[in-house]
Amino acid sequence: CSAAFSSFGGKAGEKAVGMVARLEEVKDHETFLLGAKKLLDKRKDVRFYIVGDGSLRKQLEQKAAALGISEQVTFTGFLQDVEKIEAALDIAVITSKAEALCLSILESMIPVGDSDALAERLDELLADDAKRSAFGAQAKRDAEATFLAEQMTRKIEKLYLEARK
């Protein structure tokens with residue numbers, strides 16, 4: 001567990017899996033919680049963090065309780081320094097149903113709403129430090145290649161030019 005999460009009950013030796021997003025329907029935290037339940041049925045060395053706030057907080061806390069995973073799921077509420085929080089996670093997850101541009105993570109790389117696939121992918125990555133590291137490094141390279149300022153400027157310029165036609 002990173003020091004960033006020790007104040008939220010994280011313990012040494014635990015893997016930190018988190019989701020940083022508004023607690024709203026489109027973000028599909030329910031799939032995250034269902035995936036957490038399925039993974040926690042297999043392994044106990046994981047703590048899940050839901051970072052953010054929104055209209056569904058109470059409902060999601062009740063869902064975690066109904067699933068019997070409240071002890072392993074921490075709702076942090078809104079936090080500053082999201083970049084530091086995400087960097088402290090072993091795995092950051094986004095389960096959004098739809099996003100124009102997700103600023104936290106560019107691709108979740110699982111089928112939308114599939115908690116089984118989420119649990120399987122998390123288990124696979126948590127079991128293999130090298131694979132998890134390689135996965136993260138590739139995601140960073142993909143993001144940089146796609147969203148470098150110069151490339152974004154060209155893409156936006158192209159959109160404007162096409163819109164003028």
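Quick notes on this one:
- So LEU34, is it at pLDDT 85 or above, under 24 Å from GLY136 (Cα atoms) and touching a Ser or Thr at 6+ places or on another chain (Cβ under 6 Å): yes
- Members of segment 8-61 that are under 14 Å from THR76 (Cα atoms) and either without any contact (Cβ under 8 Å) to a residue 24 or more places away in the chain or open to solvent by 40 Å² or more (accessible area, probe 1.4 Å) (or both): PHE8, ARG22, ASP53, ARG57, LYS58, GLU61
Condition check ((1) open to solvent by 30 Å² or more (accessible area, probe 1.4 Å); (2) modelled with pLDDT of 90 or more; (3) touching a helix residue (DSSP H, G or I) at 6+ places or on another chain (Cβ under 6 Å)) across all residues:
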| position | (1), (2), (3) |
| --- | --- |
| ALA65 | yes, yes, no |
| ILE69 | no, yes, yes |
| THR74 | no, yes, no |
| PHE78 | yes, yes, no |
| VAL82 | yes, no, no |
| ALA88 | no, no, yes |
| ALA100 | yes, no, no |
| GLU107 | yes, no, no |
| VAL112 | yes, no, no |
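- Of all residues in segment 62-91 being without any contact (Cβ under 8 Å) to a residue 60 or more places away in the chain and in a strand (DSSP E or B), the one that is nearest to LYS15 (Cα to Cα): VAL73
The values are calculated or read from the model by the stated rules, or taken from the named source; none is laboratory data. All values derive from a computational prediction rather than experimental measurement. Using ideal geometry, Cβ is built from the backbone for each residue, glycine included, and neighbour counts are taken over all protein chains shown. Just the protein is used for accessible areas: all its heavy atoms, side chains included, with ligands, DNA and RNA removed. Shrake-Rupley method; radii C 1.70, N 1.55, O 1.52, S 1.80 Å.
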